[in-house]
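Trainee: Got a structure for you, questions after.
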Amino acid sequence: MKLRDYYALNRGGGLATESVSQWIGAVSAMAFRRLGLSPTVMSGANLLLGLAGSVWVIAAAQTGNYHGWIGLVALLLWHLAYGIDCGDGQLARATKTGSPAGARIDVLCDVALQIALVAAVSAVAAEYTPDAPGWVYALFAGTWMVNLVTSVMQQGDAPVSMVTSRSLAVRLVKLIRDYAFVVTVLGAAIWLVPGWTIWVLVGFTAVNGLFLLASILFTARAAQRSWAEKTAAQGS
């Protein structure tokens with residue numbers, strides 16, 4: 001199989017994910033297949049790389065030895081890890097070796113990595129703004145769970161989106177929900193402007209909170225419409 005064949009097996013994503021991360025995934029899937037390694041090994045590599053970046057950031061921030069270039073290294077590791085995460089699914093589909101267990105380990109690794117990512121950027125924010133109230137970090141971590149939940153919900157055979165248009169304008173707006181873009185913004189913040197990290201967290205908290213509210217309203221409306229249609233059908 002050629003590189004484009006692996007890329008063609010991706011499950012989509014946001015504009016940044018499809019433009020960058022899925023291509024990294026295709027390259028890594030091809031490499032892992034040539035080495036005779038399984039998609040589960042790819043999931044493990046994703047976990048190790050992502051955790052390495054986050055743990056380094058946390059350790060440096062906690063000991064007072066944090067420097068911006070550490071954020072740059074973490075950003076690169078996070079992007080490489082996410083690219084490999086995209087690639088394990090491509091490899092599983094290319095080799096027809098996907099399994100429920102493999103899908104579960106992929107999700108569990110994603111959960112672990114996102115917990116570590118939240119801890120890392122929060123550690124940098126706390127290092128530079130020690131007077132920030134603790135509830136800011138609690139809200140950031142809590143609303144970040146929206147990303148995990150919606151990601152899992154989108155893995156079914158019939159994922160639902162509130163806005164289905166794939167126009168460039170809509171896809172640019174949706175970048176704020178694209179993990180590749182989110183990682184870039186967070187990584188760039190702790191690299192270039194670590195003192196502003198707390199405000200980046202506040203911004204993402206607001207975005208995720210509003211998205212959660214919109215999702216609840218959208219889903220409730222769809223559920224009510226479905227109930228009304230079934231009730232009408234039973235009455236006819």
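Trainee: Only one of Thr95, Thr40 is among the β-branched types (Val, Ile, Thr) and more than 30 Å from Ser122 (Cα to Cα); which? Walk me through how you get there before you give the answer.
Mentor: Working: Thr40 fails: more than 30 Å from Ser122 (Cα to Cα).
Being among the β-branched types (Val, Ile, Thr) and more than 30 Å from Ser122 (Cα to Cα) holds for just one of Thr95, Thr40, which is Thr95.
Trainee: Name, by its number, the condition in (1) surrounded by 23 or more Cβ atoms within 10 Å (Cβ to Cβ); (2) over 25 Å from Thr129 (Cα atoms) that does not hold for Arg93.
Mentor: (1)
Trainee: Does Gly50 count as open to solvent by less than 40 Å² (accessible area, probe 1.4 Å) and under 14 Å from Thr184 (Cα atoms)? Let's see the steps before the verdict.
Mentor: Numbers: open to solvent by less than 40 Å² (accessible area, probe 1.4 Å): yes; under 14 Å from Thr184 (Cα atoms): yes.
For Gly50, the condition - open to solvent by less than 40 Å² (accessible area, probe 1.4 Å) and under 14 Å from Thr184 (Cα atoms) - is met.
Trainee: Follow-up. Using the structure shown, decide if Ile84 is among the β-branched types (Val, Ile, Thr), within 18 Å of the chain's Cα centre (by Cα) and open to solvent by less than 60 Å² (accessible area, probe 1.4 Å).
Mentor: Details: among the β-branched types (Val, Ile, Thr): yes; within 18 Å of the chain's Cα centre (by Cα): yes; open to solvent by less than 60 Å² (accessible area, probe 1.4 Å): yes.
Against the criterion (among the β-branched types (Val, Ile, Thr), within 18 Å of the chain's Cα centre (by Cα) and open to solvent by less than 60 Å² (accessible area, probe 1.4 Å)), Ile84 qualifies.
Trainee: Sort through Ser28, Ser21 and tell me the only one that's touching a Leu at 6+ places or on another chain (Cβ under 9 Å) and crowded, with 23+ Cβ neighbours inside 10 Å. Talk me through it step by step, then tell me what you get.
Mentor: Details: Ser21 fails: touching a Leu at 6+ places or on another chain (Cβ under 9 Å).
Going through Ser28, Ser21 in turn, the sole match is Ser28.
Trainee: What number of residues within region 9-50 are assigned to a helix (DSSP H, G or I) and out of contact with any Asp or Glu (no Cβ under 6 Å at 6 or more places or on another chain)? Give the derivation first.
Mentor: Of the residues in region 9-50, the ones assigned to a helix (DSSP H, G or I) are 15-34, 39-50.
Subset that is out of contact with any Asp or Glu (no Cβ under 6 Å at 6 or more places or on another chain): 15, 18-34, 40-41, 44-45, 47-50.
Selection size over region 9-50: 26.
Trainee: When the residues of region 217-236 are narrowed to those that are under 31 Å from the mean Cα position of the chain (by Cα) and open to solvent by less than 100 Å² (accessible area, probe 1.4 Å), which ends up farthest from Ala126 (Cα to Cα)?
Mentor: Ser226
Trainee: Quick check on region 202-216: of everything there that is of a type in the set (A, V, I, L, M) and open to solvent by less than 70 Å² (accessible area, probe 1.4 Å), which residue is modelled with the highest pLDDT?
Mentor: Only one residue fits best here, namely Val202.
Trainee: Pull up region 123-134, narrow it to residues that are part of a helix (DSSP H, G or I), in contact (Cβ under 8 Å) with a residue 12 or more places away in the chain and open to solvent by 20 Å² or more (accessible area, probe 1.4 Å), then point me to the one that is farthest from Gly44 (Cα to Cα).
Mentor: To start, the set of residues in region 123-134 that are part of a helix (DSSP H, G or I) comprises 123-128, 134.
When the remaining residues are screened for being in contact (Cβ under 8 Å) with a residue 12 or more places away in the chain, the result is 123-128.
Filter once more, keeping what is open to solvent by 20 Å² or more (accessible area, probe 1.4 Å): 126-128.
Numbers: Ala126: 30, Glu127: 30, Tyr128: 32 Å.
The selected residue is Tyr128.
Trainee: Condition first: touching a helix residue (DSSP H, G or I) at 6+ places or on another chain (Cβ under 8 Å), at pLDDT below 95 and among the aromatic types (Phe, Trp, Tyr). Can you find one or more residues in region 140-148 that meet it?
Mentor: yes
Trainee: Out of all the residues in region 34-88, which are among the aromatic types (Phe, Trp, Tyr) and under 30 Å from Ser99 (Cα atoms)?
Mentor: Trp78, Tyr82
Trainee: Do we find a residue being polar (S, T, N, Q), at pLDDT below 95 and open to solvent by 20 Å² or more (accessible area, probe 1.4 Å) anywhere in region 40-47? I'd like the intermediate steps shown before the answer.
Mentor: Taking region 40-47 first, the residues polar (S, T, N, Q) are 40, 43, 46.
From what's left, at pLDDT below 95: none.
No, the conditions are met nowhere in region 40-47.
Trainee: Looking at this structure, is His79 without any contact (Cβ under 8 Å) to a residue 24 or more places away in the chain and not acidic (Asp, Glu)?
Mentor: Values: without any contact (Cβ under 8 Å) to a residue 24 or more places away in the chain: no; not acidic (Asp, Glu): yes.
No; evaluated as a whole, the condition is false for this residue.
The values are calculated or read from the model by the stated rules, or taken from the named source; none is laboratory data. None of the values given here were measured: they were computed from a predicted structure. All Cβ positions, even for glycine, are placed from backbone atoms using ideal geometry, and neighbour counts span all protein chains on display. When the accessible area is computed, the model is the full protein with side chains, heavy atoms only, and any ligands, DNA or RNA have been set aside. Shrake-Rupley method; radii C 1.70, N 1.55, O 1.52, S 1.80 Å.
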